[in-house]
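The values are calculated or read from the model by the stated rules, or taken from the named source; none is laboratory data. Quick caveat: nothing in here was measured; it's all calculated off a predicted structure. Counting neighbours? That spans all protein chains shown, and the Cβs are built from the backbone with ideal geometry, glycine included.
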Amino acid sequence: MHARLWGAVRVVAAVSLAVGLGACGQSGESGGSGGNASGKQLKIGLLLPGYGGATRWAQFDRPMIEAKIKELCGDCTVEYADAGLNAANQQQQAEVMIIEGADVLILASVNSQSIRSTINKARQANVPVVAYDHLAEGPISAYVGFDARRIGELQGEALLKALGDRAHDSQIVMMNGDPINPDAREFKMGALSVLEGKVKIGKAYDTPGWEIETAHGNMTDAIADLGADRIDGVYAANDWLASGVISALKAAHIKPLPPVVGQDAILSGLQRIVSGEQYMTVYKPYKRQAGAAVELALALGRGEGLDRIAKDTVSSPTTKDIPAVVLPPVAVTRHNIKETVVKDGLYTIDQICTPEVKRACDEAGLTS
């Protein structure tokens with residue numbers, strides 16, 4: 001399955017404990033048995049890239065993964081590390097976990113290529129790796145994530161819908177993600193498959209590190225080069241970049257704001273959607289992703305097969321036919337916030353509808 005998505009992807013010694021794990025924590029309380037085939041309790045390493053404390057990794061992925069481990073395997077222990085967006089840090093953190101006896105790793109890589117040597121070391125130590133959200137290179141044992149190209153398609157489709165009949169005369173700016181991230185390339189390819197030939201792409205930028213400040217600066221340059229009245233829409237690879245784009249548009253006193261699309265359904269992004277500053281975002285049901293990752297990790301740690309869990313396969317430049325769980329993303333606009341992120345329990349109406357956006361929430365029917 002998903003050969004269209006993944007077949008086209010072209011992704012590109014002992015370590016000091018003091019340097020290694022950085023910000024770490026352990027959990028493991030009452031619940032089901034976590035023993036592997038030898039009877040030893042499982043030790044699970046959880047490595048996340050770290051895009052800041054207010055992003056999805058800290059808000060959703062880590063607590064959801066740890067909660068699911070506690071639910072399914074109360075005797076398991078979890079060793080957590082945040083890479084701080086530094087690929088070298090993440091390599092050290094993973095290698096320390098391997099040295100310290102992790103049975104399985106759940107890894108959302110900072111750099112899918114540079115982590116390859118560390119994944120090779122994990123394989124040599126018989127430590128299976130579940131690639132989480134980012135398809136890492138090297139001999140990973142399983143992958144769980146979302147259809148990245150479909151995410152880009154949803155963003156492109158939403159932007160065309162927002163532009164309506166004037167799309168063929170419109171000019172847009174593309175604020176793409178980090179070029180080292182394979183998913184970011186798939187987002188861009190998906191968006192381009194929808195947008196090319198339908199609108200003029202006046203400027204396109206990559207955003208190393210997914211930095212808001214870089215997006216703001218690039219958007220400021222695009223306004224200067226194209227003209228404030230010649231930007232009809234903006235593709236932003238995620239909601240963080242969308243915030244930088246919108247701040248630059250507002251600083252240039254552009255009214256009304258052109259439609260801006262994003263991704264990740266972060267709280268501030270949803271509030272911008274309610275208030276009309278951002279047109280849409282893409283919601284990725286994180287709870288399903290976290291649950292699948294834990295099920296894969298526990299099965300691998302116990303030496304069990306993955307057929308019951310992984311119904312798909314994906315391929316990286318180094319590894320073919322990786323067992324995978326590939327989940328569908330969901331487009332979110334002002335009109336379906338209740339039926340998506342609120343219904344799934346990602347946020348409550350009270351969390352979204354703060355005093356600053358209360359009137360907009362009332363107008364959108366969220367508070368009725």
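Just to check your reading of the model, which residue among Val127, Val144 is over 13 Å from Thr319 (Cα atoms) and within 14 Å of the chain's Cα centre (by Cα)?
Among Val127, Val144, only Val144 is over 13 Å from Thr319 (Cα atoms) and within 14 Å of the chain's Cα centre (by Cα).
Identify all residues within region 339-356 that are of a type in the set (A, V, I, L, M) and in contact with a Phe, Trp or Tyr (Cβ under 8 Å, 6 or more places away or on another chain); write none if there are none.
Val341, Leu346
Take the residues in region 153-177 that are small (Gly, Ala, Ser) and either more than 16 Å from the chain's Cα centre (by Cα) or not assigned by TED's automatic domain parsing to the domain that holds Thr207 (or both); name whichever of them is farthest from Asp312 (Cα to Cα).
Here the answer is Ser170.
Mind checking which residues of region 58-99 are of a type in the set (A, V, I, L, M, F, W, C), closer than 21 Å to Pro208 by Cβ and touching a helix residue (DSSP H, G or I) at 6+ places or on another chain (Cβ under 7 Å)?
Ala83, Leu85
What tally of residues in region 123-136 results from selecting those that are modelled with pLDDT of 95 or more and either charged (D, E, K, R) or not assigned by TED's automatic domain parsing to the domain that holds Asp307 (or both)?
The total comes to 1.
For every residue, the table says whether it meets (1) of a type in the set (Lys, Arg); (2) surrounded by fewer than 18 Cβ atoms within 10 Å (Cβ to Cβ); (3) more than 30 Å from Asn86 (Cβ to Cβ).
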position	(1), (2), (3)
Arg166	yes, yes, yes
Asp178	no, no, no
Pro182	no, no, no
Ala191	no, no, no
Leu195	no, no, yes
Lys203	yes, no, no
Gly217	no, yes, no
Ala222	no, no, no
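What is the number of the single condition among (1) at pLDDT 95 or above; (2) assigned to a helix (DSSP H, G or I); (3) crowded, with 21+ Cβ neighbours inside 10 Å that Ala67 does not meet?
Unmet condition: (3).
Just a yes or no: is a residue in region 191-209 under 26 Å from Tyr132 (Cα atoms), outside the structural domain of Ser316 (by TED's automatic domain parsing) and modelled with pLDDT under 95?
Yes.
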